[in-house]
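Just below is one structure, and these are the notes that go with it.
The values are calculated or read from the model by the stated rules, or taken from the named source; none is laboratory data. Note that the coordinates shown come from a computational prediction; the quantities given were computed from them, not determined experimentally. Virtual Cβ from ideal backbone geometry, glycine too; neighbours counted across all protein chains shown. Protein only, heavy atoms only, side chains kept; ligands, DNA and RNA dropped before computing areas. Shrake-Rupley method; radii C 1.70, N 1.55, O 1.52, S 1.80 Å.
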Amino acid sequence: MKRFDFTRAGTPADAIGSAARIIAGGTNLLDLMKLQVETPERLIDINHIGLDRIEPCATDAGEGLRIGALVRNSDLAADQAVRTGWPLLSKAILAGASAQLRNRATTGGNLMQRTRCYYFYDTDAPCNKRQPGSGCAAIGGVNRIHAILGASEHCIATYPGDMAVAMAALDAVVEVEGPDGKRDIPATEFHCLPGDTPQRDNRLEPGELILGVRLPPPLQGKHIYRKIRDRRSYAFALVSVAAVVGMDQGRIGTARLAFGGVAAKPWRVPEVEAMLTKEAPSPELFARAADLVLQDAKGQGDNDFKIPLLRRSLIAVLTDATQENG
Ligand SMILES: Cc1cc2nc3c(=O)[nH]c(=O)nc-3n(C[C@H](O)[C@H](O)[C@H](O)COP(=O)(O)OP(=O)(O)OC[C@H]3O[C@@H](n4cnc5c(N)ncnc54)[C@H](O)[C@@H]3O)c2cc1C
Ligand code: SF4
């Protein structure tokens, strides 16, 4: 690890606009610094600036929930209001990392975690995300965990987190503040597709701080987070499906779906949700939904299996979610 200066912020204002790199739980940033994938000269610790509360808040749609950026993943997953009103979020968080990591990891840091592409972590390998213009070792290389949707010729990495997939399905909003003031970024737009700027992971501008996340009022229906991975803990999603599905007199009343492990951002397809809404559940309907989600899917060789895996996972989740009992 290279030498760095370390300061502690006392208020959000100390961190906003700072040229120093923000450190929260440190569970991703420190690993990257040890490997010299990231070499910040200055760190600013934001653990003592408040922003650690979960509280009701007003939203356009009614009373929602505001989650401070410093709320630990374990506290968020265990919060009674979250477990009751937004259980999808709780389930997604508990499907991630380990208890020790969740005790340390924060809401803001989790959103900002970087890809797990093996070549990104290997400073001897070409990687356009780490070093723009150097190439992409994953294209034509080992790409079992890589994207099947929304990739570009410059980068095929996935965003690895679970919490953000649930937040995308729940239409959460990320509150940020920079030197020019506050702004809201919908969770569905927070992360970026690689395009020709693969070095950019998200829409946060330099000097901006994540203050928190707002959730709209609870959605009625079954909340399901299904994560397929190589082992039960300490493993990132190969494919995940976040779903809130509510039934109304035998037909689908609410359908919210987001997918993880398949693109550089939580993947949401509003057309699929519209297609399912007001329809009676059936295997044919679910097969058409899966066709629509996957219509532009492209495997890279090692990860071709993700296409049928996502298809089967979505159909299984929709089947479970639309059973009136159980
Ligand atoms: C072995 C292992 C397994 C894991 N498995 C999973 C998993 O299955 N699912 C999953 O979702 N995650 C998993 N994780 C990732 C873990 O959840 C993240 O490392 C963690 O959530 C990051 O949060 P942090 O507070 O520690 O962030 P840090 O490491 O402190 O920061 C990460 C990034 O966020 C930035 N940042 C932090 N807070 C803010 C803020 N408020 N505003 C602006 N920028 C900010 C930092 O500058 C840095 O760039 C795993 C991690 C490990 C090590
Ligand atoms: S997929 Fe993206 S992160 Fe991985 S090597 Fe290619 S450019 Fe780098």
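For D184, tell me the accessible area in Å² from a 1.4 Å probe, rounded to the nearest 10.
80 Å²
Pairs of lysine in the range 222-322 with Cα under 18 Å and at least 8 positions apart or on different chains: total?
Within the range 222-322, the lysine pair count is 6.
Rounded to the nearest 20 Debye, what is the dipole magnitude of the range 108-186 about its Cα centre when Lys and Arg each give +1 and Asp and Glu each give -1 at the C-beta?
240 debye
Give the percent of DSSP beta bridges with both residues in the chain that are antiparallel, rounded to the nearest 5.
Around 85 percent of the beta bridges assigned by DSSP in the chain are antiparallel ones.
Within 10 Å, count the other beta carbons around each residue, average over each peptide in 104-114, 25-35, and list them highest first.
Ranked by mean Cβ neighbours within 10 Å, highest first: 104-114, 25-35.
Which one of L65, P40, A78 is farthest out on the positive end of the charge dipole of the range 31-111, using unit charges on Cβ (Lys, Arg +1; Asp, Glu -1) and the Cα centre as origin?
About the Cα centre, the residue reaching furthest to the positive side is A78.
Please report, in debye to the nearest 20, how large the charge dipole of the chain is about its Cα centre when each Lys and Arg carries +1 at its beta carbon and each Asp and Glu carries -1 there.
860 debye
Can you pull the accessible area of I16 for me, 1.4 Å probe, Å² to the nearest 10?
Roll a 1.4 Å probe over it and I16 shows about 30 Å².
What FRET efficiency comes out for Q80 versus D302 if R0 is 35 angstrom and r is the Cβ-Cβ distance? Round to the nearest 0.05.
Taking R0 as 35 Å, the efficiency between Q80 and D302 is 0.25.
Show L76, L51, L193 ordered by accessible area, largest first, where the area counts protein heavy atoms only and the probe is 1.4 Å.
So, going from the largest accessible area down, we get L193, L51, L76.
How high is the relative contact order of the chain, in percent, with contacts defined as C-alpha pairs under 8 Å that are six or more residues apart?
Reported as a whole number, the value is 17 percent.
Given +1 on the Cβ of Lys and Arg, -1 on the Cβ of Asp and Glu, and no further charges, what dipole in debye does the range 210-272 carry about its Cα centre, rounded to the nearest 20?
220 debye
Find how many whole Å separate the alpha carbon centroid of the range 223-295 from the alpha carbon centroid of the range 1-73.
When both Cα centres are located, 31 Å separates them.
Name the residue from W267, P194, P160 whose Cα lies farthest towards the positive end of the charge dipole of the chain, charges +1 on Cβ of Lys and Arg and -1 on Cβ of Asp and Glu.
Checking the options against the dipole of the chain, the answer is P160.
Report the extension gain between F4 and R144 in nm, rounded to one decimal, defined as 0.36 nm multiplied by the number of residues separating them, less their alpha carbon distance.
46.9 nm
With a probe of 1.4 Å, find how much accessible area the range 273-326 has per residue, and write the answer as a whole number in Å².
Ligands and nucleic acids excluded, the result is 52 Å² per residue.
Using a basic spin-label model with each label point 7 Å from the Cα along Cα→Cβ, how many nm lie between R42 and A19?
0.6 nm
Which lysines, on any chain, are close to K34 with Cα under 20 Å apart, when same-chain ones fewer than 8 places away are left out?
K2, K129
Run the quick spin-label model on Y234 and Q323: label points 7 Å from Cα toward the beta carbon, then report their separation in nm to one decimal.
Reported label-point gap for Y234 and Q323 is 3.3 nm.
Which of the aspartates and glutamates could a cross-linker bridge to K91, judged by Cα under 15 Å and excluding same-chain residues fewer than eight apart?
D75, D79, D162
How are the Cα pair distances of the chain distributed, in percent, across 10 Å bins from 0?
Values per bin, smallest distances first: 6, 26, 34, 24, 8, 1, 0.
Highest mean first, how do 127-134, 277-284, 65-72 rank when packing is the count of other Cβ atoms within 10 Å averaged over residues?
Most protected by this proxy first, the peptides run 65-72, 127-134, 277-284.
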